[in-house]
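Below is one structure, written out as C-alpha cells, with a few remarks after it.
The values are calculated or read from the model by the stated rules, or taken from the named source; none is laboratory data. Small disclaimer: the values here were computed from a predicted structure and weren't measured. Counting neighbours? That spans all protein chains shown, and the Cβs are built from the backbone with ideal geometry, glycine included.
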Amino acid sequence: MRTIRHIASSLALWLIYVPVAYAQDLGSGTLQQVAGQANIKTEATLPVIIGNLVRIFIGLLGIIFLLLTIYAGFLYLTARGDSEKVEHAKETLQHGVIGLVIISAAYAIASFVINALTATTQATGS
C-alpha cells in the first residue's frame, strides 16, 4: 500500500509541476506574436483559472478512483476463492465505483457552474 501511495504522490506532483512552463519576454513582444499566431488567449480571467484548476483536480480524482477500481478487479481475480480476499475486493470495488459516480457528478456540476460564471463575467465585461 505504501508503494501505491508513493507512486500516486509522484504522479500527482509530476502532473502539477511538469506542464507549467515559464517563458521570458525580452520586451519585443515576441511571446504575444507567437500566442496570437497559435490562437492562444494571453489573458485569462480569474473564473477561467479557477475553473481550470477545479477541472484538473476533479480529473485527477477520477483517475485515482479509476485506478482503485482496476486494483479491486485485480484483487478479485487473484483472490483464488479465499472468502476474506474476495470480500475485501468487493468492498474496494464498491468504494471505487461509488467514488467514480461522485466524481462524475462533481465534474458535471463544476462544469455547469464554471461555464455559467465565465459566460456571466464575459457578458458583463468584468
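Which residues, counting only those in the range 67-96, are surrounded by 15 or more Cβ atoms within 10 Å (Cβ to Cβ) and assigned to a helix (DSSP H, G or I)? Walk me through how you get there before you give the answer.
As a first pass, look at the range 67-96 and keep what is surrounded by 15 or more Cβ atoms within 10 Å (Cβ to Cβ): 67-69, 71-72, 75-76, 79, 88-89, 92-93, 96.
Selection gives LEU67, LEU68, THR69, TYR71, ALA72, LEU75, TYR76, HIS88, ALA89, THR92, LEU93, GLY96.
Residues being modelled with pLDDT under 85, hydrophobic (A, V, I, L, M, F, W, C) and surrounded by fewer than 16 Cβ atoms within 10 Å (Cβ to Cβ): count how many of those fall in the range 46-66.
Matching residues across the range 46-66 total 3.
Considering only residues that are polar (S, T, N, Q) and either within 15 Å of ILE56 (Cα to Cα) or surrounded by fewer than 15 Cβ atoms within 10 Å (Cβ to Cβ) (or both), which ones fall in the range 97-126? Explain how you work it out, then say what you get.
Step one: filter the range 97-126 for residues polar (S, T, N, Q), giving 104, 111, 115, 118, 120-122, 124, 126.
Within the range 97-126, SER104, SER111, ASN115, THR120, THR121, GLN122, THR124, SER126 qualify.
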